[in-house]
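Chemist: The structure is given below, and queries will be raised subsequently.
The values are calculated or read from the model by the stated rules, or taken from the named source; none is laboratory data. Just so you know, these numbers come straight off a predicted model, no measurement behind them. Note that each Cβ is placed from the backbone with ideal geometry, even for glycine, and that neighbours are counted across all protein chains shown. Heavy atoms of the whole protein, side chains included, go into the accessibility calculation; ligands, DNA and RNA do not. Shrake-Rupley method; radii C 1.70, N 1.55, O 1.52, S 1.80 Å.
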Amino acid sequence: MGEANFGAPINEVEWIKTHLDLDVFIEGGTYKGHTASRMAIVFERVFTIERHDQLHKEARARHPIGNITFLHGDTRDHLPHLLQNHRKCLIWLDAHWSGLGTHGEDDECPLLDELALIFASPAQPAILIDDARLFTAPPPPPHKLSAWPSLDQVLAAIPDGYRTLIIEDVIYVLASNTFPRFREYIRNQPSV
């Protein structure tokens with residue numbers, strides 16, 4: 001803890017995986033595939049979803065790892081099927097537009113739609129949302145302010161039975177019964 005994370009924070013992910021007995025990692029926003037590759041060491045199955053044609057092709061070619069399934073398209077199209085079949089999973093939501101060279105300039109932040117799909121499913125996931133800074137404060141240009149929900153809107157999309165915690169640049173959404181143990185774990189981590 002205390003250092004900048006690029007991709008899902010590995011120590012916290014490993015804690016959540018172990019304490020919730022999860023074997024599936026679902027990622028929205030593959031980008032170059034580095035997070036999926038790192039998570040393939042930790043999880044039995046990894047599903048990663050990328051809308052950008054070229055990024056999808058390059059990530060698949062760069063990381064030919066047997067337990068990673070690279071899905072092309074929109075997270076909102078893939079999540080319902082994945083969550084029907086993999087109910088105990090960790091979901092890393094990072095499919096929002098990150099500027100030139102990524103997909104989504106016309107649809108910058110699908111986060112509220114993704115959360116609605118997740119919580120309408122039978123899944124009981126742990127959820128990590130990347131780029132917390134873009135929800136806790138207005139996103140900088142060239143992002144369109146109207147395309148991004150505020151932190152209040154994100155929190156309102158999370159139903160009873162879940163609690164949230166923001167650490168560095170990640171919003172953690174965990175079941176209420178797991179939350180106290182996770183807070184204790186975080187409290188005991190060395191910080192910089």
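Chemist: If you go through the range 134-151 one residue at a time, how many are out of contact with any helix residue (DSSP H, G or I) (no Cβ under 9 Å at 6 or more places or on another chain) and loosely packed, with under 15 Cβ neighbours inside 10 Å?
Modeler: Summing the residues that are out of contact with any helix residue (DSSP H, G or I) (no Cβ under 9 Å at 6 or more places or on another chain) and loosely packed, with under 15 Cβ neighbours inside 10 Å in the range 134-151 gives 5.
Chemist: Can you pull out every residue in the range 79-99 that is surrounded by fewer than 19 Cβ atoms within 10 Å (Cβ to Cβ) and not in a loop (DSSP other than H, G, I, E, B)?
Modeler: Result: PRO80, HIS81, GLN84, ASN85.
Chemist: Consider PRO190 carefully, then state whether it is more than 15 Å from the chain's Cα centre (by Cα), within 17 Å of LEU112 (Cβ to Cβ) and not β-branched (Val, Ile, Thr).
Modeler: No.
Chemist: Here is a list of conditions, (1) under 20 Å from ILE26 (Cα atoms); (2) out of contact with any Ser or Thr (no Cβ under 7 Å at 6 or more places or on another chain), and PRO149 meets all of them except one; can you say which number that is?
Modeler: (1)
Chemist: Look through the range 46-59, keep the residues that are among the charged types (D, E, K, R) and closer than 20 Å to ASP107 by Cα, and return whichever of them is most open to solvent (accessible area, probe 1.4 Å).
Modeler: ASP53
Chemist: Now a separate question. Residues ILE171, ILE129, ILE158, ILE166: which one is modelled with pLDDT of 95 or more, part of a loop (DSSP other than H, G, I, E, B) and among the aliphatic types (A, V, I, L, M)?
Modeler: Being modelled with pLDDT of 95 or more, part of a loop (DSSP other than H, G, I, E, B) and among the aliphatic types (A, V, I, L, M) holds for just one of ILE171, ILE129, ILE158, ILE166, which is ILE158.
Chemist: Separate question: Just to verify a result, which residue in the range 1-45, among those that are in a strand (DSSP E or B) and either over 22 Å from PHE182 (Cβ atoms) or aromatic (Phe, Trp, Tyr) (or both), is most open to solvent (accessible area, probe 1.4 Å)?
Modeler: Residue satisfying both the conditions and the ranking: ARG45.
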